[in-house]
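Participant: One structure, as C-alpha cells, below. Some questions next.
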Amino acid sequence: METVSLVKSDDYSLASLRRNVISLLEPLGGISAFVRSGDRILIKPNMLSAKDPGRAVTTHPALVRVVAELVVELGGIAMIGDSPGFGSFQRVAEKSGIYAAALDSGAELVEFNEAVEVQGNGTFRSIQLARAYYEADTIINLPKLKTHEMMTMTCAVKNLFGAVVGAGKAVWHLKAGSSRQMFARLLLEIYLLKKPALNIVDAIVAMEGNGPGSGDPVKLGLLIAGVNPVAVDVIAGRLAGIPADLLHIEQEAVRMGLPGAMIQDIELCGEPLESVSKGCFKLPAGLDVQFGLPSFLAKTLKNHLTSYPAADPKVCVLCGVCRDACPPEAITIQNSALSVDNARCIRCWCCRELCPHDAMVVTRSLVLRTLMRLSGTKAT
Ligand code: SF4
Ligand code: SF4
C-alpha cells in the first residue's frame, strides 16, 4: 500500500503552516525520515512564471520556507531550485516570494541551468535532467495543485518536468507531439529516473479553470503528502473532482502498472476524502472531449473535434513570447498579425500558458460547439 497523508491547513500563516506540515508528515515517519545531516536536499517548488503568490501559479513561498527551515534544522543543506517555463529564474524567484523564502530559511537558490544526460530504460532512452536536481542526495517535491490545459491537472508528477532545463522542455513537447498519452509517459519516465523522496502538495489555494498559468485561485485549505507522487496525484485528482478518464498521467500510470496508480492501493491517513472533496474544478477551455464517439468517427471528425489556439487581436501586443516558445514553430507574426498553423500545432498550449497578456484564446469549430452544447459539456 502507498501511504498518502491529508490534513486541513486554512491559510499560509507561518506558525500554523509549520504545525500542519509536521502533523501531515507524521504518518510518513516525520521530516527526519527524509533528511540526514549533511545531505544536499533539493526542494523543488512550482516556479512556472513570475506571478504574485496570490495568483496561485507558483507554490506558495510560506510552504517553501517552512519545509526549507525544517531541513536546515535537521542539518540538511537546503537548496531550492527549478527551471521556470517562462522568464528569468531570478525574476520568478523574486516575484513569487521564493527568493525571500530562501533568504529567511537559510536555503540556497539554485537555478537549473546545466544538464546531465541520464539513461532511461523505458520509451525514452536518454533524457537530459538538471545536474543540481539529478545529483542532489534527496528531492523534496513541492507542487501546486492546478488544472492544466494539456494534461487536465498538474500536481506531483508534472511538477518534475521542471527538472528539464529551459528550452529542453519545448524539445520534449515536440517529441511527444500531440499525444497526451506519450507526454504522460515522458513525465512518468522522468519521475522514474530520479524519484523524489517526498512530495508535499500546496492545495491550500489551488487553481481551477485555465491552468496552469491563467486560471482562477480556488481555496481548498489542504496539504497532501506522500512518498509516491503517482499516489499523491490520484488523491489530488479526487479532491479536485476531476473524472479519472481526463487525468492522462494517472491513466498512463495504470497502463504502466506503476505502484500507487490505483486508488485501492492507497492508504489515506488524516482527513477522509469525502469530507474535504470539492465539486469538480472548472476545467480548462482547451481540453479534449470525445463525447463517447466510436473511435472511427472520432478519428474522421478529428479536425472538427479539436480546439486550437488563436490570438485575440484586441489583446495581443505581438510581443512574440508565444512564437518563441511554440515547440513546432506553428506561430508566425507578419504584417502586424499573428497566425497559428493548425496543421503544425500539437496543442501543447504552451502559448496560452506563457502569454503574459492572456491574449491566446481557444477556438472551436461549429461541430465541436454544437456537440458540447448538446452533451452539456461546460467550457471555461
Ligand atoms: S504572447 Fe500573447 S501577446 Fe505576445 S504575441 Fe503571443 S498572443 Fe500576442
Ligand atoms: S500554437 Fe500553441 S498550442 Fe499549438 S503547438 Fe504552438 S505553443 Fe503549442
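Participant: List the residue pairs whose Cβ atoms are under 6 Å apart, where the first residue sits in the stretch 343-365 and is farther than 11 Å from Ala325 by Cβ and within 11 Å of ligand 2 (Cβ to nearest atom), the second is modelled with pLDDT of 90 or more and part of a loop (DSSP other than H, G, I, E, B), and the two are 6 or more positions apart or on different chains.
Facilitator: Listed pairs, sorted by first residue: Arg344/Pro328; Arg344/Ala330; Cys345/Ala330; Ile346/Pro328.
Participant: In the stretch 1-16, is there at least one residue being touching a Gly at 6+ places or on another chain (Cβ under 7 Å), under 30 Å from Asp324 (Cβ atoms), surrounded by 17 or more Cβ atoms within 10 Å (Cβ to Cβ) and in contact (Cβ under 8 Å) with a residue 12 or more places away in the chain?
Facilitator: Just the residues of the stretch 1-16 that are touching a Gly at 6+ places or on another chain (Cβ under 7 Å), to begin with: 2-10.
Narrowing the set further to residues that are under 30 Å from Asp324 (Cβ atoms) leaves none.
Among the residues of the stretch 1-16, not one is touching a Gly at 6+ places or on another chain (Cβ under 7 Å), under 30 Å from Asp324 (Cβ atoms), surrounded by 17 or more Cβ atoms within 10 Å (Cβ to Cβ) and in contact (Cβ under 8 Å) with a residue 12 or more places away in the chain, which makes the answer no.
Participant: Also, I was wondering about something else. Between Ala100, Ala176, Ala156, which is under 25 Å from Asp245 (Cα atoms) and at pLDDT 95 or above?
Facilitator: Numbers: Ala100 fails: under 25 Å from Asp245 (Cα atoms); Ala176 fails: at pLDDT 95 or above.
After ruling out the rest, the residue left standing is Ala156.
Participant: Filter the stretch 318-335 down to the residues that are in a loop (DSSP other than H, G, I, E, B) and near ligand 1 (Cβ under 8 Å from one of its atoms), then identify the one that is surrounded by the fewest Cβ atoms within 10 Å (Cβ to Cβ). Walk me through how you get there before you give the answer.
Facilitator: At the first step, the residues of the stretch 318-335 found to be in a loop (DSSP other than H, G, I, E, B) are 318-320, 326-330, 335.
After this cut, where a residue has to be near ligand 1 (Cβ under 8 Å from one of its atoms) as well, the list is 318-320.
Details: Leu318: 14, Cys319: 14, Gly320: 11.
Applying the filter and picking the extreme gives Gly320.
Participant: A follow-up question, please. Consider the stretch 8-32. How many of its residues are farther than 22 Å from Lys219 by Cα and outside any loop (DSSP other than H, G, I, E, B)? Lay out the reasoning, then the answer.
Facilitator: Initially, the stretch 8-32 is screened for residues farther than 22 Å from Lys219 by Cα, giving 26-32.
Then drop every residue that is not outside any loop (DSSP other than H, G, I, E, B), which leaves 26-28, 31-32.
Counting residues in the stretch 8-32 that are farther than 22 Å from Lys219 by Cα and outside any loop (DSSP other than H, G, I, E, B) gives 5.
Participant: Hey, another quick one. Asn210 fails exactly one of the following numbered conditions: (1) part of a helix (DSSP H, G or I); (2) more than 21 Å from Asp11 (Cα to Cα); (3) not small (Gly, Ala, Ser). What is the number of that condition?
Facilitator: Single failed check for Asn210: (1).
Participant: Does any residue of the stretch 154-171 turn out to be under 21 Å from Ala261 (Cβ atoms), touching a helix residue (DSSP H, G or I) at 6+ places or on another chain (Cβ under 9 Å), in contact (Cβ under 8 Å) with a residue 40 or more places away in the chain and surrounded by fewer than 24 Cβ atoms within 10 Å (Cβ to Cβ)?
Facilitator: Among the residues of the stretch 154-171, not one is under 21 Å from Ala261 (Cβ atoms), touching a helix residue (DSSP H, G or I) at 6+ places or on another chain (Cβ under 9 Å), in contact (Cβ under 8 Å) with a residue 40 or more places away in the chain and surrounded by fewer than 24 Cβ atoms within 10 Å (Cβ to Cβ), which makes the answer no.
Participant: If Ser105 satisfies all but one of (1) within 17 Å of the chain's Cα centre (by Cα); (2) under 24 Å from Gly76 (Cα atoms), what's the number of the condition it fails?
Facilitator: Failing condition for Ser105: (1).
The values are calculated or read from the model by the stated rules, or taken from the named source; none is laboratory data. Here the structure is a predicted model, which is why all the values come from computation and not from measurement. Cβ atoms come from the backbone with ideal geometry, glycine included; neighbour counts cover every protein chain shown.
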